[in-house]
Ligand code: ADP
């Protein structure tokens with residue numbers, strides 16, 4: 001197959017592993033830095049150009065679009081879809097998953113468990129927003145944040161009020177969320193491919209920290225998940241419309257709760273913790289499912 005890998009940096013672990021796995025299986029894979037791709041969207045024959053050449057003949061496209069380039073990255077991906085190239089994850093699903101509020105609303109309407117969550121733009125009554133999610137301690141999250149940046153634990157009512165006021169003062173969109181203390185600074189990353197959890201790891205925050213992101217110094221280890229956790233992760237990925245997803249769960253007193261569904265989950269932590277060839281599984285999925293023209297939306301979203 002001829003595969004396009006949308007990645008800004010081919011030296012990153014995840015990109016390297018995907019290239020390796022594709023080449024091992026005899027595929028041709030070309031890395032495309034989305035910011036350097038340009039498109040003709042008004043032509044009767046839609047095209048994408050890269051470094052002076054038209055990109056043609058691709059069977060599949062694997063998007064690894066960083067949070068900072070979501071808008072342009074998904075536009076390039078959409079153009080591939082319009083051209084009939086099958087994506088690993090569709091542009092609409094990626095856009096959906098990048099918005100925490102939208103994701104949680106979609107998951108909640110299908111009955112997926114999640115921490116009590118409030119959203120507010122400019123409330124006249126911050127105290128009531130806090131009450132809505134059960135009071136302090138609580139977690140305040142920047143809607144566009146990633147890798148744990150913009151996730152703050154407010155331990156007291158006063159701290160919660162001032163953090164919310166501060167974020168609102170700089171016009172930031174935020175979520176206010178029940179703090180799942182019993183998770184003990186750990187979360188579970190379930191790597192889902194094609195409706196199955198193919199690997200799972202536990203991430204533990206360092207001492208004195210509640211965020212378990214590996215970028216924040218968290219450590220990963222192997223974990224056995226329960227059938228309930230497995231089905232929650234699979235359902236969450238399906239609701240988001242993601243064929244490949246990293247679903248993050250917390251173990252709460254009221255069962256597994258989803259905090260995030262990631263559309264470009266990293267491979268380093270999960271392959272390191274589980275010893276599994278997750279990159280190879282992604283390429284197997286591409287071989288099986290990404291046939292030309294097999295895009296559900298064909299860029300309609
Ligand atoms: P990001 O997208 O920036 O990673 P998350 O919502 O995943 O933001 O939060 C980062 C980390 O903070 C999570 O991995 C988890 O360890 C911790 N965390 C997030 N929300 C909660 C919560 N409601 N209760 C307890 N811990 C949380």
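Quick note: the coordinates plus some simple rules give every number you see, no bench work behind them. Model, not experiment: these values are computed from the prediction. Note: ideal-geometry Cβ built from the backbone for every residue, glycine included; neighbour counts use all protein chains shown.
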Helix axis angle, 227-240 relative to the chain longest principal axis, alpha carbon, degrees: 60 degrees
Nearest-ten-degree value, helix 278-289 long axis tilted from longest Cα axis of the chain: 60 degrees
Cβ-based exposure ranking for 68, 220, in which fewest neighbours within 10 Å come first: 68, 220
Cα-based shape type of the chain, given that a ≥ b ≥ c are square roots of the gyration tensor eigenvalues and the cut on a/c is 1.5: prolate
At q = 0.15 Å⁻¹, base-10 log of I(q)/I(0) for segment 164-301 (Debye sum, equal scatterers on each alpha carbon): -0.81
Neighbour-count ranking [beta-carbon atoms within 10 angstrom, fewest first] of 146, 156, 117: 156, 146, 117
Beta bridges per DSSP with both ends in the chain, % antiparallel, nearest 5: 80 percent
Which of 50, 13 has the fewest Cβ neighbours within 10 Å, and the rest in rising order: 13, 50
Tensor-based shape of segment 230-269 (alpha-carbon gyration tensor, a/c under 1.5 rounded, otherwise prolate or oblate): oblate
With Cα atoms, 0 to 90° folded angle of helix 13-24 axis to the chain main axis: 30 degrees
Considering only segment 2-91, percent of DSSP beta bridges that pair antiparallel, nearest 5: 35 percent
Rounded if a/c under 1.5, otherwise prolate or oblate - segment 1-57, Cα gyration tensor axes: oblate
